[in-house]
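Some notes on the structure that comes next.
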Amino acid sequence: MKRFLRHLALAAGLAIPAAGRALAQVPDLAPLEVNVNGGKYLNDSKTILIPTVNLYLAIEGTAWSTGKSQGNNVKTKGKYAVRGIDKAWAQGLSRQIHDDLVGRLKAEGYTVLTYGDIKGDENVVSIGRRKADEHYPLPKVGDKVMTIDYLLAAPSDEQAFKPPLQGPHWAFRGAAKGHDAVVLIPEYWILTPQMWGEKEEGYKRVSTSINIAPGMNLRAAWIWFINPKAAGGTIQTKSETRNVTETAGTVSETGSNEIDAGWLKQTSASWKMTIDPTAYGAGVLRAAGAVNKAVIEAMKKENAKG
């Protein structure tokens, strides 16, 4: 783990220690807990249609830590950029996640349709597709609340569908009706590196810091679904973020800056996360596999309700 700090007391200073231990070794993922909304609609067909998988991989992010002491403000800002995400490789991960979910559904007795079964349907052809970002080989999606940008890796360019405001499943309500199927659109949000802010306060002093580690988190997962009658819902992982792996690559500092305006003291630094494709890919598949397993269990519970 790396940390840089801004101390506000009698004096201010900047410290960037050498890389130390990241997070504790992550054990196998325990079963994920999910919330199901509109679960009864999952039982409206034994045919499941999975047009795509949306795999979101963090590519740029920012974190802040702020404090105040004796009328003075102190801020610490960290930024990171991820390097090494190859388009074909990322789409390959998305296909593996897709195939894993398809296999699990078939094992439960479902008939499963995929993009190849519907790609010629008029109401599918007419859906817009996302375009690659001007700086990256894949579409980029921003999260303004979390100040994180993600790359979207679908199994193929043709499966990078633009979602309507109602959610990505809504675009496939016609396909659900035409094929008498329940449509599932899985989304997996992967966050690496891990960056977070901290603040410590004491008598006439406050310190803020930003921490960064090369681990990986499963931030969240949503599975959107819609039945042949255009009624649907979601399966969502509960709010806690899960640690997936301790090391998904290496983190190196690329620059830092310090501002002292008297009443405002601000330190900022930026880092580059260079992924290890083997470790990173294994972490993604580990997280997505746990999600897929939880989805199957949730569907079984809803089916048991009748």
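Greater than 23 Å separation of Cα atoms is the criterion. Which listed pairs, Lys87/Lys238; Lys229/Lys305; Lys40/Lys238, meet it? If you can, show how the numbers build up before the last one.
Details: Lys87/Lys238 30 Å; Lys229/Lys305 20 Å; Lys40/Lys238 19 Å.
Over 23 Å Cα-Cα: Lys87/Lys238.
Packing order of peptides 224-230, 271-277, highest average first: 224-230, 271-277 (average count of other Cβ atoms within 10 Å over each peptide's residues). The calculated FRET efficiency for the pair Lys177 and Glu253, based on their C-beta separation and a Förster distance of 45 Å, comes to about 0.25.
When ranked by the protection proxy of mean other Cβ atoms within 10 Å per residue, highest first, what sequence do the peptides 122-128, 36-42 form?
Numbers: 122-128: 12.6, 36-42: 17.0.
Final packing ranking: 36-42, 122-128.
Modelled this way, with points 7 Å down the Cα-to-C-beta line, the labels at Ala230 and Glu200 are 5.9 nm from one another. Sorting 282-293, 238-249 by average packing, meaning the other beta carbons within 10 Å per residue, from highest down gives 282-293, 238-249.
For segment 102-156, what is one quarter of the convex hull surface built on the Cα atoms, given in nm²? Could the numbers behind the result be given before it?
Numbers: hull surface 24.7 nm².
Mean shadow area of the hull around the Cα atoms is 6.2 nm².
How big is the gap, in Å, between the Cα center of segment 212-241 and the Cα center of segment 105-129? Taking the Cα centre of segment 105-129 as reference, the centre of segment 212-241 is 20 Å away.
Every read-out reported here was derived from the displayed coordinates using simple, explicitly stated rules and does not represent laboratory data. Note that this is a predicted model, so its numbers are computed, not measured. Methodologically, a virtual Cβ is constructed for each residue, glycine included, from the backbone with ideal geometry; neighbour enumeration extends over all protein chains shown.
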